[in-house]
Each structure stands twice: as C-alpha cells, then as structure tokens.
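Worksheet: the structure to be examined is printed underneath.
What follows is calculated from the coordinates using simple rules that are stated; it is not laboratory data. Source: prediction; values computed, not measured. Cβ coordinates were reconstructed from backbone atoms using ideal geometry, including for glycine residues, and neighbour counts include every protein chain displayed.
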C-alpha cells in the first residue's frame, strides 16, 4: 500500500484548504483502494478534486457534486446511492471501478465524465493527473 503521507501531500497540493486531519482521512481511503498503484491513487485524487472540490457536503451527499454523488462523483450506473454516499473507502472503491487507469489520462477522464472528445475539463484533469502522479511518485524516491 502506498504511504498515506505521499497521497496527503499530493492532495494538499491540489486542495490546500482541506484540513490536515480530513486530508489524511481521504488519503487513507485512496491508499487502501489503490494499494501500490500510483496511477490509480493519482486518478482518485484528481477525480475527487474535479467532482467535489473535496467539499464535505458533497462527500456526505447533502448536495450533488459536479456529475454524481459522493466525494468522487459516481453516477447511478456504479451502484445504489446508499453505497455511493457511504464511507470514504466504499466511495473510493466504486470510483476505482469506474476509472479505467489502463487508458491514457485523456481517455480515462473522458470516459469517467462522459465527455465527448478532448474538452477543457478532460484536459484540465489530465494535466492535474500527471502532476499528481509525479508528486506521489516523488514520495517513493525520498
């Protein structure tokens, strides 16, 4: 499993407004879900940023995120709302199934957000993915 500190550092880079304890909780769910897969960890962090901006009210499903429910914004095709709005680890697992990390970043995010072609949000997330993946991987070199 990737160290939580590496994922927390990447999350802090994207969302410095997220309190450390909460960032660690999110990073723990990502680490448990991603195991040793840096690409999946980065994809989950970027997806949460894009779908919910790490907002607590989106995480708890008090309000809808950009495209779905929960921190990672999964839609109804990925499971019942009770699971998509459950604990962070469950939300991360559902999002991990929805992300196709075997694709290049543009195709992965285009598929996840159901965007035709290379729209601005797909380009934005792809760029963040590359930076986030690098930030997590740097932890491995320390």
So, for the Cα atoms of the stretch 34-98, Rg and Dmax in Å stand at 10.5, 32
Here D for the chain, in µm²/s, from Stokes-Einstein with a Kirkwood Rh over Cα pairs at 37 °C and 0.692 mPa s, works out to 225 µm²/s
Between residue 13 and residue 121, the two model label points (7 Å from Cα along the beta-carbon direction) sit apart by a distance in nm of 2.4 nm
Fewest to most Cβ atoms within 10 Å: 108, 1, 13 sort as 1, 13, 108
For the pair residue 107 and residue 57, the simple spin-label estimate (label points 7 Å beyond Cα toward Cβ) gives in nm 3.9 nm
